[in-house]
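This report concerns only the one structure given below.
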Amino acid sequence: MRGPQDELVEKQTFSGKGQAGIMSLKLPNVALVSSPNANNNYHWYLSVICNQSDRADDVVVEGLLQPVTLESNLVRELETASLEERINLYQSYDLWHERLDTLAKMKRSQPQNTQLAQKLAALLESVQLDPTIGQKPLLETEMLSLSH
């Protein structure tokens, strides 16, 4: 991840253990990106290394991260909300990534719940992603290295 001045904020290496599926990656040092400033976007990149000896085969995706400050009433509501209520709150405040994370956690704990699968598919489709992605296994990841 690179900061507002294109400085390297954090670099991590993960292993998916050779499995195909959806990986959840967390930023362990969120203090660097949590201070809200409307002008501070962070650029993230993810490279999937398919062939260690020929990096030309890497698959690379990227995006922007913009920290936001949650309203105090939303913070209070989230503290006591069930996971289902959190999804609705995140939707009301247009917090897409948080909705995705919560739905994925729920799907991991209830893999046979077809209603959750439908909600996940609809959420993916809402941002022009293939809704069948949500049917893939949710994988655990292992952090191999971290540098700042």
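Computed from the coordinates by the stated procedures, all read-outs in this text should not be read as laboratory data. Quick caveat: nothing in here was measured; it's all calculated off a predicted structure. Methodologically, a virtual Cβ is constructed for each residue, glycine included, from the backbone with ideal geometry; neighbour enumeration extends over all protein chains shown.
Where the only charges are on Cβ atoms (+1 Lys, Arg; -1 Asp, Glu), what is the dipole of the chain about its Cα centre, to the nearest 20 debye?
360 debye
Just to confirm a number: summing +1 for Lys and Arg and -1 for Asp and Glu over residues other than TRP44 whose beta-carbon lies under 14 angstrom from that of TRP44, what do you get?
With Lys, Arg at +1 and Asp, Glu at -1, the neighbours total -1.
May I ask you to compute the full-extension gain from ASN40 to LYS136, defined as 0.36 nm times their residue separation minus their alpha-carbon distance, rounded to one decimal in nm? Kindly include the intermediate steps, with their values, before the conclusion.
Values: separation 96, 0.36 × 96 = 34.56 nm, distance 3.34 nm.
Length gained, ASN40 through LYS136: 31.2 nm.
Longer than 24 Å from Cα to Cα, which of LYS11/LYS107; LYS11/LYS119; LYS26/LYS107 are they? Say none if no pair is.
Where the Cα-Cα span goes over 24 Å, the pairs concerned are LYS11/LYS107; LYS11/LYS119.
Once label points are set 7 Å from the Cα along Cα→Cβ at both SER126 and SER109, what is their separation, rounded to one decimal in nm?
Result for the modelled spin labels: 2.1 nm.
Using the basic label-point model (7 angstrom from Cα toward the beta carbon), what is the TRP96 to ARG55 distance in nanometres?
Reported label-point gap for TRP96 and ARG55 is 2.9 nm.
Return the Rg/Rh ratio of the chain with Cα-based radii and a Kirkwood Rh.
On the way: Rg = 16.8 Å, Rh = 17.3 Å.
Over the Cα atoms of the chain, Rg/Rh equals 0.97.
Rounded to the nearest 500, what is the 222 nm mean residue ellipticity of the chain from helices alone, with -39500 (n - 2.57) per DSSP H run of 4+ residues and division by all residues?
-9500 deg cm²/dmol
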